[in-house]
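Contents: one structure, followed by commentary.
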Amino acid sequence: MERIIIIQSTVKWTKERSSPESKDKMLLADSWIHSSSVYFVHLLSYGGVSETPGITGDSMEIDGDPFHHSDANPKILEADVELSRHRISVFLSTHTAYELLPESGKVVALDVSLPVKQAFHILYEQGISVAPLWDHSVGRFVGILSPLDFILILRELGNHGSDLTEEELETHAISAWKEGKLQLTRKFDANGPLNPRRLIEAGPHDSLKDVTLKLLQNKVATIPIISQDGSVPQLLHLASLTGVLKCICRHFKHSPASLPILQQPICSIPLGTWVPKIGESNGRPFAMLRANASLSDALSLLVQAEVSAVPIVDDNDSLLDIYCRSDITALAKDRAYAQIHLNELSIHQALQLTQEASASYGFFNGQRCHMCLGSDPLHKVMDRLAIPGVRRLVIVEAGSKRVEGIISLTDLFRFLLG
């Protein structure tokens, strides 16, 4: 009987901070292998009147300060922007990915021979959304398994002309899916890649700026930090923009005046995607969904619009919740994906499944949707986005929670780096 290999590395280390030279003293131990059709308009609305009992916005909050809205938008000085960008760039260029490593931690990777179905169960049970892929035959990490893979698989399973069946998913290896994904991409895009995408990775001594640019330029949410010092590549950490932003906030915490733009309200900064006002044109499309839209609609939007999340609103465009790519892994619980039809399950029902699944494993902390106001200063937005798990803030109107825009980590870094 063929053995299923799951690579699970627990990496423990200590970091001595007494001198710059001590950064090279990274002690690693205890690593092991265990066997075992979308509308691009300012509002996307499907269906009729949305009656959505149970989605009340209780899992959302706008932190601390009382609602305050100011119509006065202070003029932002170009010199302040350039000075702030320069100082952030210098910081990122002179610090390394080593600073992203936690004091201790566990990183999980999956072997490409693992069945896809089991792989997504592992992601769900571990409470993680992505995992690097290890190919034992070549002795290196070769890719990433992400929620987008699961979304594409579910859409393919729901396609009556598909060659992939739910039974095949039981034995379909990750490596076979990745090849099938490449063929699927070429079917819809004749100019698509002919070969699998090369793994985007970084080393512990790469600069934070290099790590950030790799994340932005390749449009990925995470990249593995891999040490090549030994005979076998060592997976140390999964780097994300959240970690880089946390480093920036920590470094400038006691000298905020050195970044003049931190006090600027976000409504005065070219940052994020905003709902266009009547008569205005918007270079970037903005989309929202009603809670009675189907999960199929949401997944199509996530894939075709190349966004990672979609705000869910009521008939007054007030924020109810948000549906993210990573929410799809909740369907791995009890093989829920095999018992539903994507075009019959509403977003409201899908979000209920997500919350129930997360609560059963202790992942749900009561807050899913994070908001801010257009009048909030940039430093407050940066502090909130530096919190692990917060990848975006929905900009809302004071009081009504009417959606005005959205700011993602990617938006923030593209602005900060110019």
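The values are calculated or read from the model by the stated rules, or taken from the named source; none is laboratory data. If you're wondering where the values come from, they're calculated on a predicted model, not measured in any experiment. Counting neighbours? That spans all protein chains shown, and the Cβs are built from the backbone with ideal geometry, glycine included. These accessible areas exclude ligands, DNA and RNA; they are computed on the full protein's heavy atoms, side chains included. Shrake-Rupley method; radii C 1.70, N 1.55, O 1.52, S 1.80 Å.
What to note about this one:
- Of all residues in the stretch 183-229, those being at pLDDT below 95, crowded, with 16+ Cβ neighbours inside 10 Å and part of a helix (DSSP H, G or I) number 1.
- Meets criteria (closer than 25 Å to residue 309 by Cβ and either open to solvent by 30 Å² or more (accessible area, probe 1.4 Å) or assigned to a loop (DSSP other than H, G, I, E, B) (or both)) for residue 270: yes
- Taking the stretch 75-177 and the helices (runs of 4 or more DSSP H) fully enclosed by it, the elements with 3 or more residues that are open to solvent by 40 Å² or more (accessible area, probe 1.4 Å) and either closer than 30 Å to residue 418 by Cβ or at pLDDT 95 or above (or both) are at 78-93.
- Residue that is farthest from residue 309 (Cα to Cα) [pool: residues in the stretch 345-378 that are modelled with pLDDT of 90 or more and either within 18 Å of the chain's Cα centre (by Cα) or open to solvent by 60 Å² or more (accessible area, probe 1.4 Å) (or both)]: 349
- Selected residue (criterion: most open to solvent (accessible area, probe 1.4 Å)) from residues of the stretch 379-418 that are in a loop (DSSP other than H, G, I, E, B) and hydrophobic (A, V, I, L, M, F, W, C): 387
- Which numbered condition residue 308 fails, given (1) at pLDDT 95 or above; (2) touching a Cys at 6+ places or on another chain (Cβ under 8 Å): (1)
- Within the stretch 295-335, the residues that satisfy the criterion of being open to solvent by 20 Å² or more (accessible area, probe 1.4 Å), assigned to a helix (DSSP H, G or I) and either among the small types (Gly, Ala, Ser) or within 15 Å of residue 148 (Cβ to Cβ) (or both) are 296, 303, 304, 325, 326.
- Pairs linking a residue in the stretch 368-397 that is under 24 Å from residue 356 (Cβ atoms) to a residue that is crowded, with 23+ Cβ neighbours inside 10 Å and of a type outside the set (A, V, I, L, M, F, W, C), with Cβ atoms under 7 Å and 6 or more positions apart or on different chains, are 368/321; 369/321; 394/311.
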